[in-house]
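**Q** Supplied in structure tokens, the structure appears directly below.
Just so it is clear, none of the values below were taken in a lab; they were calculated from the coordinates. On a predicted model such as this, the values are computed, not experimentally measured, just so you know. Glycine also receives a Cβ, built like all others from the backbone with ideal geometry; neighbour counts cover every protein chain displayed.
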Amino acid sequence: MSGKVYICGAGPGDPKLMTVRAMELLKSCDVVLYDRLVGQAIIDQIPENTEKVYVGRAVGDPTTHQKRTNELMVSYAKKGKSVLRLKGGDPFIFGRGAEEAEYLLKHDIGFEIIPGITSAIASPAYAGIPLTHRRYSSSVAIVTGHEGAEKEESPLSVNWKKLPGAVDTIVVLMGIGQIEQIAGDLMKAGLKGSTKFAIVESGTTAKQRVVTGNLANIVKVTGKSQIKPPAIIIIGKVASLHKKLEWFSSVKNAKPG
Ligand code: SAH
């Protein structure tokens, strides 16, 4: 009989933000297939006898990498193994979790989906930024800033023109490389240059950094602070709450890791 595949979120980085279910599976599955964004502190907790396979994306080669991951899930499951497919954040937020589930379905392999805490909400929270707030934001959109590489596979694209009028808070994942264009498009669509933003780099980890500014100076600020992925951009009034509600740096400095 085939084994099952558990498509599971590992949370945003802080190992304590893994769910109880994810930890249980980490300890009990026969094989763990894990991504680049799953933190080392989590990998270190995989039992010695469990087979660990890194299936992180080789830069510039998303197609081959996804094909290999799909094939590995099926071949381990067909050997009767229980497979933990562990992904950064939540598997259904820009995580291709659904595509993997579709592949498993096609190959008659049973699966479960275990949600994780997505970086889209956890990184802002660790920076003291609420995505909604009764005074500043009653709506939020989570969008990708990196459609180019996926273009041949997906006909969809973010409607940057309509976003400013439609939502109060915009959260951009995978947007650092395209930040100039994103800010430009949003300003062309009506957002003022004075609109606040915050960027959270390596959110929820000991390496977390936060920079803030406004859309008019976003390119200068990010260039100067040399922000690197993984990082998330939060645009809207709530970004200014960072200065008031920031709490993580004191915890992080008191207890490294
Ligand atoms: N499924 C993941 C997202 C995968 S897309 C989730 O739910 O979190 C990868 C993008 O997620 C990165 O480019 C970055 O924008 C964001 N990201 C992931 N981990 C992050 C972290 N610890 N801090 C900031 N951004 C992060």
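**Q** Given Cα positions, please report Rg to Rh for the chain, the hydrodynamic radius being the Kirkwood one. Show your work: numbers first, answer last.
**A** Working: Rg = 19.2 Å, Rh = 19.3 Å.
Result for the chain is an Rg/Rh of 1.00.
**Q** Now, a different point. Using the count of nearby Cβ atoms within 10 Å as a rough guide to exposure, how do V32, V5, V251, V158 rank from fewest to most? Mind dumping the intermediate values first?
**A** Numbers: V32 25, V5 28, V251 9, V158 18.
Ranked by crowding around the Cβ, least crowded first: V251, V158, V32, V5.
**Q** A further question follows. Three principal axis extents, largest first, for the C-alpha atoms of region 189-245, in Å?
**A** Principal-axis extents of the Cα atoms in region 189-245, largest first: 35, 25, 17 Å.
**Q** Indicate the gyration tensor shape class of region 4-117 (rounded, prolate or oblate), computed on the Cα atoms with a ≥ b ≥ c the square roots of the eigenvalues: a/c under 1.5 is rounded; otherwise a/b larger than b/c is prolate and the rest oblate.
**A** On the way: a/c = 1.41, a/b = 1.18, b/c = 1.20.
It is rounded, given that a/c, with a ≥ b ≥ c, falls under 1.5.
**Q** Let me ask something else. How would H65, H242 line up from fewest to most surrounding beta-carbon atoms within 10 angstrom?
**A** H65, H242
**Q** With the alpha-carbon atoms as the only input, what is the per residue convex hull volume for region 120-249 in Å³?
**A** Working: hull volume 13.4 nm³, N = 130.
Here the figure is 103 Å³ per residue.
**Q** Can you give the net charge of the other residues whose Cβ lies under 12 Å from the Cβ of Y54, counting K and R as +1 and D and E as -1?
**A** It works out to a net charge of +2.
**Q** Out of residues 5 or more away from K81 or on other chains, whose amide H comes under 5 Å of its own, with H placed 1.01 Å from N in the peptide plane?
**A** G3
**Q** Roughly what would the spin-label model give for S157 and E102, points 7 Å off Cα along C-beta, in nm?
**A** The answer from the label model is 2.1 nm.
**Q** For the chain, what is the relative contact order in percent, using Cα pairs closer than 8 Å and at least 6 residues apart in sequence? Intermediate values should be presented prior to the final figure.
**A** Working: 510 pairs, mean separation 52.5, N = 257.
Computed value for the chain: 20 percent relative contact order.
**Q** Also, I was wondering about something else. Between region 159-174 and region 186-237, how many Å separate their Cα centres?
**A** 14 Å
**Q** Another question about this same structure. Where a Cα-Cα gap under 12 Å defines reach, which aspartates and glutamates qualify for K79, not counting those fewer than 8 residues away within the same chain?
**A** Answer for K79, where 12 Å is the Cα cut-off: D30, listed by chain and number.
**Q** Also: FRET efficiency for V20 and N253, Cβ-Cβ distance as r, R0 = 41 Å, nearest 0.05? The partial results should precede the final answer.
**A** Working: r = 28 Å, r/R0 = 0.69.
For V20 and N253, the calculated efficiency is 0.90.
**Q** Take peptides 74-86, 175-187 and line them up by average Cβ neighbours within 10 Å, highest first, as a rough protection proxy.
**A** In descending order of packing, they fall as 74-86, 175-187.
**Q** Alpha carbon centre of region 58-115 versus region 1-22: separation in Å?
**A** Taking the Cα centre of region 1-22 as reference, the centre of region 58-115 is 13 Å away.
**Q** Say the cut-off is 27 Å between C-alpha atoms; which of K87/K188; K188/K220; K81/K207 go over it? Write out the running numbers ahead of the final one.
**A** Values: K87/K188 35 Å; K188/K220 18 Å; K81/K207 36 Å.
Violating the 27 Å limit, Cα to Cα: K87/K188; K81/K207.
**Q** Can I ask one more? Could you work out [θ]222 nm for the chain from helices alone, using -39500 (n - 2.57) per DSSP H run of at least four and dividing by all its residues? Round to the nearest 500 deg cm²/dmol.
**A** Numbers: 10 runs with 81 residues, N = 257.
After summing the helix terms and dividing by the residues of the chain, the value is -8500 deg cm²/dmol.
**Q** Work from the charge dipole of the chain (Cβ charges, +1 for Lys and Arg, -1 for Asp and Glu, about the Cα centre) and give the residue of V38, G175, G110 farthest towards its positive end.
**A** Value: G175.
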